[in-house]
Ligand SMILES: [Zn+2]
């Protein structure tokens with residue numbers, strides 16, 4: 001199971017390995033300065049490859065339990081998900097995944113030399129970059145992961161060319177990023193982003209952007225929901241629940257990102273279509 005977040009003892013917050021990369025060695029002092037996100041567990045975690053320069057990494061940067069020091073506690077959210085997953089695999093030999101969490105989210109990081117040939121990759125015309133041929137991205141590094149990792153890489157280096165693949169189409173991250181006040185009102189793919197609040201309701205987490213959107217000349221609040229029932233079907237349900245609980249318990253806004261291509265209008269709200277946990281990101285401001 002992929003550990004998306006670990007608690008940084010240098011920063012006192014949960015971060016991704018890609019974020020750690022951008023802060024090492026200035027703010028993150030050592031690959032060992034991480035522990036489990038579960039406040040009771042706090043098992044030691046290592047950020048593998050953090051101290052190696054990017055070009056020398058044979059495997060991608062990732063968090064790993066330093067199990068020789070101490071394992072997770074029995075009730076830790078990460079351990080519960082690991083236990084649940086191994087049970088599921090032994091029960092289900094077909095190993096078919098039908099959870100939304102497993103829906104593929106693929107992104108490509110283009111090598112630095114492509115910066116010299118921007119015409120090949122960058123497109124100012126919306127939606128045109130899906131014409132980029134698969135062959136032209138052969139040399140790129142391909143990742144499967146979460147939108148939050150892509151955003152962290154982009155924040156670390158805004159000049160880095162990143163291609164995101166959704167429904168077999170390739171998009172340059174720059175043409176997907178749409179600040180929420182510039183809501184397009186179309187059914188195309190966008191990464192809507194802006195400051196917003198995460199609130200907890202009985203049956204769902206309710207995410208509301210602070211800035212309004214204009215749609216058919218009327219002002220709306222943009223929002224989306226993550227139903228608790230949805231989380232319960234996921235293989236990482238305990239870890240995801242823990243993260244959303246933490247985020248919703250702190251009363252401060254976050255920088256919110258959601259990759260979506262649909263919405264519904266409902267009274268004063270534009271409800272953006274939530275596509276799964278891999279398709280949204282909540283970043284501390
Ligand atoms: Zn743990």
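Among the conditions (1) assigned to a loop (DSSP other than H, G, I, E, B); (2) within 19 Å of the chain's Cα centre (by Cα); (3) at pLDDT 95 or above, the only one that residue 196 does not satisfy is (1).
Restricting attention to region 199-238, the residues being in a strand (DSSP E or B) and either crowded, with 18+ Cβ neighbours inside 10 Å or in contact with a strand residue (DSSP E or B) (Cβ under 8 Å, 6 or more places away or on another chain) (or both) number 20.
Only one entry in 264, 252 is more than 16 Å from the chain's Cα centre (by Cα) and at pLDDT 95 or above, namely 264.
Looking only at residues of region 9-32 that are part of a loop (DSSP other than H, G, I, E, B) and within 16 Å of the ligand (Cβ to nearest atom), we find that the one that is farthest from residue 59 (Cα to Cα) is 9. Among the residues of region 36-85, those that are within 16 Å of the ligand (Cβ to nearest atom), exposed (fewer than 15 other Cβ atoms within 10 Å of the Cβ) and in a helix (DSSP H, G or I) comprise 83, 85.
Evaluating residue 91 against the criteria (1) farther than 17 Å from residue 145 by Cα; (2) away from the ligand (no atom under 16 Å from the Cβ); (3) at pLDDT 95 or above leaves one unmet condition, (3). The requirement of being in contact with a helix residue (DSSP H, G or I) (Cβ under 9 Å, 6 or more places away or on another chain), under 30 Å from residue 87 (Cα atoms) and surrounded by 17 or more Cβ atoms within 10 Å (Cβ to Cβ) is fulfilled somewhere in region 244-265, by at least one residue. No other residue among 180, 151 is outside the structural domain of residue 23 (by TED's automatic domain parsing), over 16 Å from residue 19 (Cβ atoms), out of contact with any helix residue (DSSP H, G or I) (no Cβ under 8 Å at 6 or more places or on another chain) and buried (at least 21 other Cβ atoms within 10 Å of the Cβ) apart from 180. Counting only residues that are in contact (Cβ under 8 Å) with a residue 60 or more places away in the chain and crowded, with 23+ Cβ neighbours inside 10 Å, region 18-29 holds 2 of them. Residues that are within 27 Å of residue 279 (Cβ to Cβ), out of contact with any strand residue (DSSP E or B) (no Cβ under 7 Å at 6 or more places or on another chain) and not assigned by TED's automatic domain parsing to the domain that holds residue 148 are absent from region 60-71.
Restricting the first member to region 205-227 and to residues that are assigned by TED's automatic domain parsing to the domain that holds residue 195, and the second to residues that are assigned to a loop (DSSP other than H, G, I, E, B) and surrounded by fewer than 16 Cβ atoms within 10 Å (Cβ to Cβ), the beta-carbon pairs closer than 7 Å and six or more apart or on different chains are 215/185; 220/268; 221/268; 227/203.
The values are calculated or read from the model by the stated rules, or taken from the named source; none is laboratory data. Computed from a predicted structure; not experimentally measured. Cβ: placed from backbone, ideal geometry, glycine included. Neighbour counts: every protein chain shown.
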